[in-house]
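Asks: Pasting a structure below so you can have a look.
The values are calculated or read from the model by the stated rules, or taken from the named source; none is laboratory data. Everything numeric in this text was worked out from a predicted model, so none of it was measured. All Cβ positions, even for glycine, are placed from backbone atoms using ideal geometry, and neighbour counts span all protein chains on display.
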Amino acid sequence: MKVLVPVKRVIDANVKPRVKADGSGVELSNVKMSMNPFDEISVEEAIRLKEAGTVSEIVAISVGPQQAQETIRTALAMGADRGILVKTDAVMEPLAVAKVLKGIVEAEKPELVILGKQAIDDDSNQTGQMLAALLGWSQGTFASKVEIADGKATVTREVDGGLQTVELSLPAIVTTDLRLNQPRYASLPNIMKAKKKPLEEKTPDDYGVDAAPRLKVLKTEEPEGRKAGVKVKDVAELVEKLKNEAGVL
Ligand code: AMP
């Protein structure tokens, strides 16, 4: 069974993003970029399914600029078999990415696509759901457990009230949540080996996708800074402040 794993290049999760002076977006120049953390979880899950003998091939896909190739190489170093870079310098909204992925699914005919539940840059949480809708496939989102057997995927989902288990007929879309697994680090020998794995280059045009944005960003603002803390001299003062200043007692 073939699995596609879309991996997005985003600002590294440990970097504090800075808003551009004109408010048009977040500063990306000279900022460390990495694979979206939820996509690392997707790659890990695909590798575990391959190690269990359920999956035969893992294809990592990234839609983005030339540098997104590095993100694919990271997936290859973790254990994916080959990569597809859909090269574009345009801002790709989730709908455009989902349309590109639909084109790749039609060409590659996988039985499973594992995406992250959200990209930590745009926080859209849309691409997987849109892809499922475009393909007419079943979807198991926010997965914390995935089991594949007898042409079906059993997915445990993290929902507000707790955990929900759904059974999906394959082919299907799964989106990953934090508790699904702990992604592995790529070892140095595997990083070297990944350089030789096949990486194909395409463009959104190859899939007939019009990448023109549907949304207009009106402004981007930094969140309000946290106020400094205060030291209290005793418990009585703490209780007094909690009661009268914070209003929590
Ligand atoms: P989003 O809907 O933007 O929050 O993204 C959800 C998931 O869709 C991500 O975790 C990725 O798996 C996938 N995705 C979104 N944008 C891209 C992209 N440009 N390239 C590859 N995968 C993407």
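Asks: Whether any residue in the range 137-160 is within 14 Å of the ligand (Cβ to nearest atom), under 16 Å from V59 (Cβ atoms) and out of contact with any helix residue (DSSP H, G or I) (no Cβ under 6 Å at 6 or more places or on another chain) is what I want to check.
Replies: No.
Asks: Output the residues belonging to the range 99-129 that are more than 8 Å from the ligand (Cβ to nearest atom) and of a type in the set (G, A, S).
Replies: Matches in the range 99-129: G103, A107.
Asks: Select from the range 68-89 the residues that are outside any helix (DSSP H, G or I), of a type in the set (A, V, I, L, M) and away from the ligand (no atom under 12 Å from the Cβ) and list them in ascending order.
Replies: A80
Asks: Pairs, please: C-beta under 8 Å, at least 6 apart or cross-chain, first residue in contact (Cβ under 8 Å) with a residue 60 or more places away in the chain and under 28 Å from A132 (Cα atoms) and in the range 4-30, second assigned to a loop (DSSP other than H, G, I, E, B) and away from the ligand (no atom under 16 Å from the Cβ)?
Replies: Pairs found: I11/V31; I11/K32.
Asks: Could I ask something else about it? Can you pull out every residue in the range 125-161 that is at pLDDT below 95 and either on the phi > 0 side of the Ramachandran plot or in contact with a Pro (Cβ under 7 Å, 6 or more places away or on another chain) (or both)?
Replies: D150, G151
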